[in-house]
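Okay, structure first, notes after.
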There are 2 protein chains.
Amino acid sequence: MAMATSPYTLLLKNPNLTPLKNPNFNNPISTTTNTNPRFNLAAKPVSIKCAATSQTQTPIQAPPQTQTHQDRVFNFAAGPATLPEKVLLKAQSELYNWRGSGMSVMEMSHRGKEFLSIIQKAESDLRTLLNISDDYSVLFLQGGATTQFAAIPLNLVNPNDTVDFIVTGSWSDKAFKEAQKYSKPSVIWTGKSEKYTKIPSFHDLEQNPDAKFLHICANETIHGVEYKDYPSPKNEECGAIRGHCCDHQERSDRNAQEITPVMLDYKIHADNNSLYNTPPCYGIYMCGLVFEDLLDQGGLVEVEKKNKKKAEILYNAIDGSNGFYRCPVEKSVRSLMNVPFTLEKSELEAEFIKEAAKENMVQLKGHRSVGGMRASIYNAMPLAGVEKLVAFMKDFQARNA
Amino acid sequence: MAMATSPYTLLLKNPNLTPLKNPNFNNPISTTTNTNPRFNLAAKPVSIKCAATSQTQTPIQAPPQTQTHQDRVFNFAAGPATLPEKVLLKAQSELYNWRGSGMSVMEMSHRGKEFLSIIQKAESDLRTLLNISDDYSVLFLQGGATTQFAAIPLNLVNPNDTVDFIVTGSWSDKAFKEAQKYSKPSVIWTGKSEKYTKIPSFHDLEQNPDAKFLHICANETIHGVEYKDYPSPKNEECGAIRGHCCDHQERSDRNAQEITPVMLDYKIHADNNSLYNTPPCYGIYMCGLVFEDLLDQGGLVEVEKKNKKKAEILYNAIDGSNGFYRCPVEKSVRSLMNVPFTLEKSELEAEFIKEAAKENMVQLKGHRSVGGMRASIYNAMPLAGVEKLVAFMKDFQARNA
């Protein structure tokens with residue numbers, strides 16, 4: 001979920017860990033006799049995005065008079081990014097006094113019964129959404145994917161262990177570079193020479209047989225390439241973790257490296273149910289509201305249908321423009337979430353972005369490393385936003401062809 | 001500032017760093033020719049707490065009808081903790097649409113002009129509040145003090161460097177233990193045998209002459225001891241950093257250790273003006289509102305007066321109870337912020353906490369490692385809250401003496 005306050009959600013598979021729903025909140029692994037618990041990390045996708053269309057909105061309370069639907073812009077930023085209006089209105093209605101508790105969520109002790117109910121509901125809804133079994137722990141972490149680029153090798157491998165990376169864009173490249181501090185990573189495929197517009201076919205990949213994990217980034221937000229299915233690691237003990245915009249597959253039978261900062265130690269967070277120190281409480285609360293909203297919409301199956309439709313009409317507009325608009329990404333691996341495109345007449349790009357902003361479609365400028373435009377159309381971007389963008393693109397083309 | 005979403009604010013002194021207010025936001029040290037900039041870290045106190053009394057409140061807009069002043073509890077939690085009502089009402093009024101931008105602060109790109117105006121205003125107000133000169137960089141970091149317990153030695157010393165710790169409670173003890181991973185720390189004084197009720201006198205301290213920094217915790221939130229003035233490190237090159245609840249004094253003439261996760265590298269955050277990756281945007285926004293509120297009250301001098309009065313009436317109530325209530329902390333080093341106390345009849349403590357909660361005074365239970373009660377009376381706790389607590393204490397005593 002792309003928002004400023006979102007914690008990084010991580011799944012840990014460990015048969016020795018009592019899942020969070022266990023009422024014993026202080027020492028969930030105290031019931032085991034294994035003093036050196038194995039961490040087998042495996043995955044279900046956690047790259048949750050939230051969606052709401054204006055049709056389905058039933059605001060908890062009317063927004064203040066100066067804040068109406070018409071005042072909203074369509075925000076195409078890649079992250080932080082747009083949130084469902086319904087979620088924002090609910091958060092607004094209870095910011096000052098959360099459900100009669102007499103305080104804001106921001107003021108609550110993270111060990112008080114009020115916040116425990118929030119984090120437990122968020123986890124429970126996430127488990128429902130993603131069908132996460134009790135074999136997995138769910139961790140709510142802060143510091144973003146960049147922190148996990150260090151935490152993953154620190155927790156899962158020894159400094160001399162080999163690990164494999166597929167580099168499909170900026171994020172997997174950053175993950176590879178950070179892993180060099182804590183392991184022996186090797187890049188088994190890179191899309192750099194083709195400007196990160198492709199995803200490799202898996203059967204051609206030469207994986208290191210001893211690699212302790214295979215790291216991939218499921219969706220590169222800057223370059224707009226996305227895995228449509230997933231490679232099988234050669235080392236069959238591999239599990240997988242996926243979170244935020246980046247995917248990882250890995251395994252481990254060890255505790256964290258000795259040099260691991262306590263705040264990057266998965267076992268400590270798992271043992272403390274993400275409450276070792278003060279967690280990002282408000283971010284967890286907002287995640288919970290988004291999870292609830294996704295369930296209200298019918299879950300990920302329904303949301304994916306909407307997302308496919310949104311992406312289809314945008315890519316069709318690009319591909320049907322006779323070259324006026326261009327998307328560099330190979331068609332079979334185009335991201336449903338982040339759509340980069342350029343103008344054949346690149347000198348018009350600044351004008352395109354400026355005119356779109358005047359019509360309340362903002363943050364369409366491409367990442368500085370890529371240029372051009374980028375429309376991020378996460379779950380919370382309404383269909384109406386994409387339709388408005390496509391109409392604008394056609395009009396802009398008619399005026400500038 | 002004790003709130004769930006608050007980033008850890010850090011001051012870095014470095015003559016080679018262009019301060020944040022420099023309009024060149026991308027590479028603030030590019031103007032220097034020094035390729036190995038020295039990090040001299042020095043300090044002004046950053047343990048900002050926020051205060052507002054109900055008298056001074058001029059809400060931006062009326063709260064929704066179900067949310068009135070009367071619904072508020074007095075929240076004595078040690079962190080996350082109470083925030084000024086004025087700040088909460090302002091945050092509520094602009095949660096859905098920040099100042100006509102058409103989006104919530106949570107949805108804004110951290111590189112967009114709207115959020116840049118928020119972080120720059122927050123920094124500018126903090127500089128005014130604490131009289132921070134341009135010699136210092138201000139960093140907004142996430143992960144709390146526990147993350148900094150690792151980051152400080154990682155950034156400031158070599159693995160074999162000696163560093164000194166004064167251990168006055170749980171937080172300085174945690175900092176010492178984490179520093180063992182990245183340096184050679186030695187405890188030059190500990191209050192453990194006296195249950196952390198004291199602060200040492202400085203002239204008796206045997207500091208290691210080679211110590212690269214001297215680490216102290218200015219205010220121990222669990223044990224309620226607070227430095228009233230500060231020791232001078234023997235090594236005169238020492239500077240100091242103070243942030244959150246914990247204080248540090250340190251120096252450095254080197255870059256971070258090679259094993260430092262990129263997200264814990266001060267130089268990277270300084271070079272990127274706290275925007276290396278997505279920062280805790282909403283937390284920074286809330287900090288900015290609190291800083292503004294503190295300035296509106298007349299700055300820290302005025303707020304300190306209020307805080308001294310609040311602490312005085314509470315400690316007087318304890319000390320004047322003929323032993324019914326007891327505070328274990330030596331009088332000269334009692335915290336103005338966190339007031340631990342016990343009942344002579346300890347069997348009544350649970351009843352005390354329960355009855356107080358019925359009268360809307362919550363989170364008075366002491367930390368599990370200490371027991372008894374704890375009243376945290378940070379800046380945002382109104383005088384009326386402390387007065388109500390003291391009246392309740394007298395009544396409870398009369399009924400149970």
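The values are calculated or read from the model by the stated rules, or taken from the named source; none is laboratory data. All figures in this text were calculated on a predicted structure; none of them were measured in a lab. Neighbour counts are summed over all protein chains in view; Cβ atoms, including those assigned to glycine, are modelled from backbone coordinates with ideal geometry. What goes into the accessible areas is simple: the full protein's heavy atoms, side chains included, and nothing from ligands, DNA or RNA. Shrake-Rupley method; radii C 1.70, N 1.55, O 1.52, S 1.80 Å.
Using every pair of distinct Cα positions in the stretch A:126-222, the Kirkwood expression returns a hydrodynamic radius of 14.7 angstrom.
Averaged over the residues of B:108-119, the number of partner chain Cβ atoms lying within 10 Å of the residue Cβ comes to 3. Chains B and A together bury some 5200 Å² of accessible area, summed over both sides, with a 1.4 Å probe. Near residue A:330, once Lys and Arg are set to +1 and Asp and Glu to -1 for all other residues with Cβ below 10 Å from its Cβ, the sum equals +2.
Partner shielding of A:260-268 amounts to 5, given as the average count of beta-carbon atoms from other chains within 10 Å of each residue beta-carbon. Cross-link pairs exceeding 29 Å between alpha carbons, from the set A:113/B:388; B:121/B:305; A:90/A:228: A:90/A:228.
Kirkwood-type hydrodynamic radius, the stretch A:300-400: 13.7 Å, calculated from all non-identical alpha-carbon pairs. Comparing B:325, B:274, B:390 along the charge dipole axis of the stretch B:266-401, the residue lying farthest to the positive side is B:325, per the Cβ-charge model. Here's the picture: charge each Lys and Arg Cβ at +1 and each Asp and Glu Cβ at -1 in the stretch B:96-206, and of B:193, B:117, B:154 the one pushed furthest to the positive end of that dipole is B:117.
Shielding of peptide B:90-103 by partners, expressed as the average count of other chain Cβ atoms within 10 Å per residue Cβ, is 6.
Of the peptides B:137-147, A:98-108, the ranking by mean beta-carbon count within 10 Å, highest at the top, reads B:137-147, A:98-108. Expressed as a whole percent, the accessible surface of the stretch B:300-400 that belongs to carbon and sulfur atoms is 50, based on a 1.4 Å probe.
In Å², what does the accessible area per residue of the stretch B:300-400 work out to with a 1.4 Å probe?
Averaged over the residues of the stretch B:300-400, the accessible area is 47 Å².
Can you give the net charge of the other residues whose Cβ lies under 10 Å from the Cβ of residue A:151, counting K and R as +1 and D and E as -1?
Taking every Cβ under 10 Å from that of residue A:151, the sum is -2.
Computed about its Cα centre, the charge dipole of the stretch A:256-401 is approximately 520 debye, with only Lys, Arg, Asp and Glu carrying charge at their Cβ.
Here the spin labels are modelled as points 7 Å beyond Cα on the Cα-Cβ line, and at residue B:308 and residue A:205 they lie 6.6 nm apart. Computed from label points 7 Å out along Cα-Cβ, the spacing between residue B:268 and residue B:359 is 5.2 nm. In the stretch A:265-340, the inverse of the mean reciprocal separation of distinct Cα atoms equals 15.9 Å; this is its Kirkwood hydrodynamic radius. Applying a DSSP loop filter and a limit of 11 other Cβ atoms within 10 Å to the chymotrypsin sites (Phe, Trp or Tyr not before Pro) in the stretch A:159-194 leaves nothing.
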